[in-house]
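Structure, as structure tokens:
No value in this document is a laboratory result; all are computed from the given coordinates. Everything quoted here is computed from the prediction, not taken from an experiment. Glycine also receives a Cβ, built like all others from the backbone with ideal geometry; neighbour counts cover every protein chain displayed.
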Amino acid sequence: MTEIESRFATGLKAKNPLRLKPLNRPAGHNRYCGPAVISFCTGWTTDKSAWHIRNSSGQRAVRGSKMVDVLAAMKDDGIISEFVEGFKGSTLAGALRRLRTEKRLTEGRTYLLVAGGHFQLITGRRYACGRVGEITSIADKRIKKLALVASVFELYR
């Protein structure tokens with residue numbers, strides 16, 4: 001029985017892949033990484049993403065985000081997250097290598113990582129974060145691959 005068949009047999013919803021969208025950050029809007037990863041996943045502007053974070057956290061202004069607030073904002077758009085065990089303390093390069101060897105790093109799977117105190121998205125061989133500001137290859141020199149990973153979540157609809 002495949003994973004999708006087993007999810008239907010248990011009454012769970014099937015995992016639909018999450019496709020990254022271009023960053024929607026007009027000039028002068030929120031420039032922090034929490035709203036940026038939400039924008040990459042939903043297509044919302046970074047200001048609308050920051051508004052969803054403020055609603056879940058009670059912050060007056062978003063100048064840093066907690067993982068629970070980012071995941072709650074994504075849940076408002078129907079994005080589901082699953083924690084992935086065993087990556088805490090490894091470097092971003094090590095986490096990418098492990099995902100690739102375990103055959104998890106495919107085009108249909110999207111991961112939200114916190115590495116070096118920064119939110120990052122990985123899907124297939126693509127990388128996105130608010131600091132880089134665009135969807136790029138995981139071989140890009142701007143990616144800080146020695147940053148330590150704090151947590152990893154798989155995202156889907």
Item to complete: Below 20 Å Cα-Cα, how many Lys pairs turn up in the chain? Only count pairs eight or more apart in sequence, or on different chains, if you could.
Response: 13
Fill in: Computed helical MRE - 222 nm, the chain, DSSP H runs ≥ 4 contributing -39500 (n - 2.57), nearest 500
-9000 deg cm²/dmol
Worksheet entry | Integer Hz, Karplus 6.51/-1.76/1.60 couplings in order for segment 65-79, x for Gly and Pro | 10, 9, 4, 4, 6, 5, 5, 5, 5, 5, 5, 4, 9, x, 8
Worksheet item: Can you list residues whose amide H is under 5 Å from Ile80's amide H, if they're 5+ apart or on another chain and H is modeled 1.01 Å from N?
Response: Tyr156, Arg157
Item to complete: Go through [x] 0.99; [y] 0.97; [z] 1.24 and flag the label whose value is the computed Rg/Rh (Cα atoms, Kirkwood Rh) for this structure.
Response: [y]
Discussion item. Test of understanding: given the chain, find the longest segment containing no GluC sites (Glu not before Pro) that are in a DSSP loop and have at most 16 other Cβ atoms within 10 Å.
Written reply: 1-84
Worksheet entry | Whole-number percent relative contact order across the chain, with pairs defined as alpha carbons under 8 Å at least 6 apart | 25
Discussion item. Spelling out what I want: for every residue of segment 117-127, take phi, set θ = phi - 60°, compute 6.51 cos²θ - 1.76 cosθ + 1.60 (Karplus), and round to whole Hz; glycine and proline get x.
Written reply: x, 9, 7, 9, 10, 9, 9, x, 9, 10, 9
Item to complete: Would you mind classifying segment 78-157 by shape? Square roots of the alpha carbon gyration tensor eigenvalues, ordered a ≥ b ≥ c; an a/c under 1.5 is rounded, otherwise it is prolate if a/b is larger than b/c and oblate if not.
Response: rounded
Worksheet entry | Separation of alpha-carbon centers, segment 39-103 and segment 125-157, rounded to whole Å | 12
Item to complete: For Ala115, list long-range residues whose amide hydrogen, built 1.01 Å from N in the peptide plane, is under 5 Å from its own amide hydrogen.
Response: Gln120, Ala150
Fill in: Ordering of 93-100, 70-77, 57-64 by burial proxy (mean other Cβ atoms within 10 Å per residue, highest first)
70-77, 93-100, 57-64
Worksheet item: With Cβ to Cβ distances under 11 Å as the rule, what net charge do the other residues near Trp44 carry (K, R +1; D, E -1)?
Response: 0
Item to complete: Starting at the first residue of segment 35-47, write each ³J(HN,Hα) from the Karplus equation 6.51 cos²θ - 1.76 cosθ + 1.60 with θ = phi - 60°, in whole Hz, x for Gly and Pro.
Response: x, 5, 5, 5, 5, 4, 7, 9, x, 5, 5, 5, 5
